[in-house]
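Contents: one structure, followed by commentary.
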């Protein structure tokens, strides 16, 4: 069994120390003390975020516009809302409409000069989608326009990045914990106050299938009371099958009766395990690394050895992990690894609402045009 302390085997990934502090329903005295200190820090953080937003609201900070439609996909909380599948869905929708798409991302978790796992996955799914990772989104937009002439710019994780004007602002909320335990960082998971949702044009409730119909209705009503009458759509992250690490179909994928283990380096590994169970598998163990972990060949050797020691016949991982694992050498006798492919599946007829917003955004941007390029 690997000895490094930055990952866990046969452990519940949701049960990390930080999440125990901010999310425990009946905290112990030491946890309450830690919460008090984090809440004080949250107050300082919240004041800073509110002041920054106020400057933008008053027009005291410059907002750049571009002569292309701009669609932003972002979160209210840190990590785990399922943003990448929606970005992929939008890329596919826009490409079907004949649009040349450029995805602009900060590139969190990437090595210098490289793109991160989300961008690698997007590029793999559609090689004609332009992917640019740059901490300065304005510079990324300029680069995209000058070098690739896209028809649409898609801001990945763009809700808090207000320097670029957008024609459609989509915000994802995880239906299971939409408001990050009710506090901004570090006491909770909120990046900014829920009141900021008033900037959004469309709210997408992900993992909405984890709630029953009355719970979903109550959550939609709660959001509308807080932010006004905004369109809210619900969806689930539906597994569509297993693929190989290079993204191809896997005819030799293990049956659901096989013994498997879960491997991931994402914000909410417990959600991935639930997805695997929804597919009919019963994982015998799981391995959770920090989000965006840069795997090495040594990691693969120890992970596959550990999987064998658990009696596993296969390792199941996420597609974001797969794009990194595919570039590494595995031992010849390594336990086979397959990736779970995920697609956005809208509940009821909510997909048509998203389609209508995207179409209106493109028509509006085409009619109005823009100036003041970055």
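Every number in this text was worked out from the coordinates using simple rules, so none of it is lab data. Please read all numbers here as calculations on a predicted model, not as lab measurements. For neighbour counting, all protein chains shown are included, and Cβ atoms are generated from backbone atoms with ideal geometry for every residue, glycine included.
Worth pointing out:
- Largest GNM mean-square fluctuation across 156, 50, 291, computed for the chain with C-alpha springs under 10 Å, falls on 50.
- Label-to-label distance for residue 67 and residue 279 is 4.7 nm, based on points extended 7 Å past Cα in the beta-carbon direction.
- Helical contribution to [θ] at 222 nm, DSSP H n ≥ 4, -39,500 (n - 2.57), averaged over the chain, rounded to 500: -11500 deg cm²/dmol
- Cα centroid of the range 236-302 to Cα centroid of the range 39-89, whole Å: 31
- In percent, rounded to a whole number, the relative contact order of the chain is 22, using alpha-carbon pairs under 8 Å and six or more apart.
- Label selected from (i) 23.0; (ii) 21.3; (iii) 21.9, the criterion being Kirkwood radius over Cα pairs in Å as computed here: (iii)
- Antiparallel bridge percentage (DSSP; both residues within the range 229-374; nearest 5): 45
- Full extension of the segment from residue 253 to residue 229, taken as 0.36 nm per residue of separation minus the current Cα-Cα distance, would add 4.1 nm.
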